[in-house]
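A short write-up of the structure that comes next.
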Amino acid sequence: MKKKFSVEQIVSVLKQAEVGVPIAELIRKVGITEQTYYRWKAKYAGLEVGQVRRIKQLRDENTRLKQLVAELTLDKTMLQDVLRKKL
């Protein structure tokens, strides 16, 4: 079963590793793989909870805006096709 960790939990795990808790012990205690730990580290190392939240908000907003642009581009293309057929 895949667990969903909160931003606070991820940052907490990374902070524990920074202060010297052995990684093998840490990943066993938290119940994650070594690969997950290093992925988190690559993505969130050195960031505070607020910064990680802001990055997530920006990514979500970016995804939403890209979807909106794609929909508007499709609408524009369809309207141009209709205009061409009328002329």
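The values are calculated or read from the model by the stated rules, or taken from the named source; none is laboratory data. From a predicted model like this one, the values you see are computed outputs, not experimental measurements. So basically every Cβ, Gly included, is an ideal-geometry build from the backbone, and we count neighbours across all protein chains shown.
When the range 39-59 is examined, which residues are found to be among the hydrophobic types (A, V, I, L, M, F, W, C), surrounded by 10 or more Cβ atoms within 10 Å (Cβ to Cβ) and part of a helix (DSSP H, G or I)?
The answer is Trp40, Val49, Val52, Ile55, Leu58.
Determine whether Thr63 is surrounded by 10 or more Cβ atoms within 10 Å (Cβ to Cβ) and under 15 Å from the mean Cα position of the chain (by Cα).
Yes; evaluated as a whole, the condition is true for this residue.
Could you please let me know if Gly20 is exposed (fewer than 12 other Cβ atoms within 10 Å of the Cβ) and modelled with pLDDT of 90 or more?
yes
So which residues in the range 60-87 are of a type in the set (A, V, I, L, M) and in a helix (DSSP H, G or I)?
Leu65, Leu68, Val69, Ala70, Leu72, Leu74, Met78, Leu79, Val82, Leu83
Please determine whether any residue of the range 68-87 is over 15 Å from the mean Cα position of the chain (by Cα) and on the phi > 0 side of the Ramachandran plot.
no
In the range 1-57, what count of residues is obtained for those that are of a type in the set (Ser, Thr, Tyr) and within 14 Å of the chain's Cα centre (by Cα)?
3
Can we say Glu34 is surrounded by 10 or more Cβ atoms within 10 Å (Cβ to Cβ), within 17 Å of Lys3 (Cβ to Cβ) and of a type in the set (Asp, Glu)?
The answer is yes for Glu34.
Give me a count of the residues in the range 1-25 that are part of a helix (DSSP H, G or I) and hydroxyl-bearing (Ser, Thr, Tyr).
Looking only at that region, the number is 1.
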